[in-house]
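Just so it is clear, none of the values below were taken in a lab; they were calculated from the coordinates. Quantities reported herein were computed from a predicted structural model and do not represent experimental measurements. Every residue, glycine as well, gets a Cβ built from its backbone with ideal geometry; the counts of neighbours run over all protein chains shown.
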Amino acid sequence: MNASDAAASISGKFSESVSGRNEFRGETTLVLRAEVLRDVCAFARDGLGFDYLVDISSVDHFGDEPRFEVVYELYSMKDGAHLRLKIPVSEDACEAATVSDIWPTADWHEREVYDLMGIRFTGHPDLRRILMWEGYPHHPLRKDFPLEGKPTDVPGVAFTATAPLAGGPFVTVPTDGTTQAREPRARTAGEVRNPEPAP
């Protein structure tokens, strides 16, 4: 079964709950109503052979409502098929159902989305931050979070003032080097390394 066939099966079984389908560059995406996510995921695993959850990510459509999307990348090891599922998440509710009992690897993916985007996963067995510290009041991947950061009231744990944007740790600088040289972590003592071009 390929992704297109799988999408057709899901659309047939959950016809009232599939709000969109997109085929682009050989990739198939279904947009679902959030309330059927778990049923669709269980069917995709047990009925269609999507035994591997590759990733869960999120998108911030700041200024639109619903503001967020949660994106699920499924893969069938047997058929070599990749299927993408998306659900809309409103800013007011800001939650989605966990799929960590369907694919255990969702545990960490959901924690990352919660930590950085602020979307809560109901039913998750241990939903806590995975990168930022507990008690941190912001979600750094939201589009309204400034690149230079925000002040924090936790002295001794993190910086208490915003980092300077110019030359900051997440800002690339112009160089005639490769993408690797422009990457912020390539800097040494505030300078950009310009490696010799590969022969």
Hey, fewest Cβ within 10 Å first, where do Phe24, Phe121 land in order? Phe24, Phe121
Taking the Cβ of Leu127 as the center, what net charge do the other residues with Cβ under 15 Å away carry, scoring Lys and Arg +1 and Asp and Glu -1? -4
Run the simple label-point estimate for Phe62 and Leu131 please: 7 Å along Cα→C-beta, distance reported in nm. 1.5
Under 26 Å from Lys78, Cα to Cα: lysines that are on another chain or at least 8 residues apart: Lys13, Lys86
Plugging the Cβ-Cβ distance of Leu147 and Ser19 into 1/(1 + (r/R0)^6) at R0 = 35 Å yields, to the nearest 0.05, a FRET efficiency of 0.60
Taking other Cβ within 10 Å of each residue's Cβ, how do Lys78, Lys150 sort, fewest first? Lys78, Lys150
